[in-house]
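Reviewing the structure listed below.
Each reported figure results from applying straightforward, stated rules to the coordinates on display, with no laboratory input. Please read these numbers as outputs of a predicted model, since none were measured by experiment. Neighbour counts run over all protein chains shown; Cβ positions are idealised from the backbone, glycine included.
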Amino acid sequence: MKDKIFLGRCGKNCVFFDAQRLYNSHVTILGKSGAGKSVAAQKLLLEMVEGGQDVTVLAFNAHDCLNRETIYEGIRKDFLQNSIYRDLSNGELKLPLFEKTVMPNGRMKSDVDIVMSLTDALSKPFALKSRQRIMLRKAIEQVMHKEIYHKEGIAAIGNQLLALGDDVAENVYDKMYGIFGHNIFVDGNDFITQGKINIVDLSYLDSDSQAVAIEVVLSQLWNMALSCQIHKYKNVYVFIDEVQNIKYSTSGMLSILLSEGRKFGINLILATQVVTLNNANPTQRKMLQSGLVLYFQPSDCDMNMIAKMIDPKNPGQWVMELRFLNVGEYIVSGPIIIDGVEAMGPITVSGVDVDKADISAEVTPDHLDTRCHFVEPPQENMN
Ligand SMILES: Nc1ncnc2c1ncn2[C@@H]1O[C@H](COP(=O)(O)OP(=O)(O)O)[C@@H](O)[C@H]1O
Ligand SMILES: [Mg+2]
């Protein structure tokens, strides 16, 4: 993995994100629509995988942000060369959902463990009521007992729901029709390839099914991490764009990975338009505590709040800075290296295209551009 990942420029100086110094290397990208979040994220993902085989990206294409033709033109060719697309409706996402893996304590996963975790992952995004959950669990038990996942894929659960001959079960089938109809998971073990940007294409699914797909894939990743298989991938970065549109549960995988993923080498890169600082959304609070935050221009109504998040002691300066950000420019907060000097931000960076040949992290401090001003990092936590 590259120690320093190029972000952009501050005046004439190159700004890198210092992956070595990041104790919690989740990355959060905030800003209003059109500010440049997706382009910055795509550049970051590409920088990361181009750094070596030991970085693997798992990216969810939920809202057409990562369609081949929507990748930012300036990097499209390189990005696509480093990417693998998996289309869920084509049986291209192979997950060993019923495999008995070893758990961290050395115990083999039991049938009950498998049924419970799958029931959880499938029912949470649909907010199933208890009777509905029971029916889903029964259907999953049947699939396990009859060993039919490897033949029928996830559609097997739908078929077993219908076979229960119960109104509630039929109602659950109906809710999850997108999942069963598209048969989004089939048996196998091919959903992530080391050293690549692995794009799971969810763009044609309804939002509930998208949430299920994300939940199930992330819990598979998490299971792999717990059973140590993930170590062969070392650094996994999970990217989700437009997180504000994803239905995630506060006890779901996103929240678990934000809290604990880092320990197992799973980091999140989340881009979102909306943030609120209320306690009702602990997942968002955790996002704001990411090791690296890129603040693109927010909407007018969020300007003051974001400025306070950047620097609670001097928000006035940052309101001005935010107001005058152009597309592709952002304020970065976190461990960075600016022309060889370690810093913590916040500092304003332009990610607008530069000639890569110019980029060097080894310039001495004497060369620091005077337009770059360092400001003490915020002392308070955002909770
Ligand atoms: N770093 C950049 N360099 C050049 N153009 C950019 C850059 N970032 C964004 N743009 C332009 O702005 C448009 C919107 O950017 P995008 O990343 O899609 O915004 P967001 O994801 O915040 O809605 C892009 O299609 C591109 O034309
Ligand atoms: Mg975008």
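One table, with the values for the structure above:
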{"item": "Taking the chain and dividing mean pair separation by its residue count, relative contact order in percent (alpha carbons under 8 Å, at least six apart)", "result": "27"}
{"item": "Around L95: net Lys/Arg minus Asp/Glu count, Cβ-Cβ under 10 Å", "result": "-2"}
{"item": "Kirkwood Rh in Å, taken over all unlike Cα pairs in region 111-182", "result": "11.8"}
{"item": "Shape of region 160-288, Cα gyration tensor, a/c cut at 1.5", "result": "oblate"}
{"item": "Highest-MSF residue in the chain out of N90, N183, N223 [GNM, Cα springs under 10 Å]", "result": "N90"}
{"item": "Within the chain, longest stretch free of exposed chymotrypsin sites (Phe, Trp or Tyr not before Pro) [DSSP loop, at most 14 other beta carbons within 10 Å]", "result": "24-203"}
{"item": "CD proxy at 222 nm, helix term only [per DSSP H run n ≥ 4: -39500 (n - 2.57); per residue of the chain; nearest 500]", "result": "-10000 deg cm²/dmol"}
{"item": "Built amide H within the under 5 Å cut-off of G36, gap 5+", "result": "G328"}
{"item": "Residue-wise HN-Hα coupling along region 76-90, computed from phi with Karplus coefficients 6.51, -1.76, 1.60 (Hz; x: Gly, Pro)", "result": "3, 4, 5, 4, 5, 5, 9, 10, 10, 8, 10, 9, 4, 7, 9"}
{"item": "Helix 130-146 axis, angle to the chain major axis (alpha carbon atoms, nearest 10°)", "result": "70"}
{"item": "Vicinal HN-Hα couplings computed from phi for region 293-299 (Karplus, 6.51 cos²θ - 1.76 cosθ + 1.60; Hz; Gly/Pro x)", "result": "10, 9, 9, 7, 4, x, 6"}
{"item": "Nonlocal amide H pairs with V349, under 5 Å, H built at 1.01 Å", "result": "Y330, I331, V332"}
{"item": "Total charge dipole magnitude, region 111-182, about the Cα centre, Cβ charges on Lys, Arg, Asp, Glu only, Debye to nearest 20", "result": "180"}
{"item": "GNM result for the chain, Cα springs below 10 Å: residue of C14, C65, C301 fluctuating most strongly", "result": "C301"}
{"item": "Amide H within-cut-off set for I29, under 5 Å, with H built and near neighbours excluded", "result": "L270, A271, T272, L294"}
{"item": "Angle between the chain longest axis and helix 111-123 axis [Cα atoms, degrees, rounded to 10]", "result": "60"}
{"item": "³J(HN,Hα), Karplus 6.51/-1.76/1.60, whole Hz, each residue of region 48-65, x for Gly, Pro", "result": "5, 6, 5, x, x, 5, 8, 10, 10, 10, 10, 10, 9, 9, 9, 10, 6, 5"}
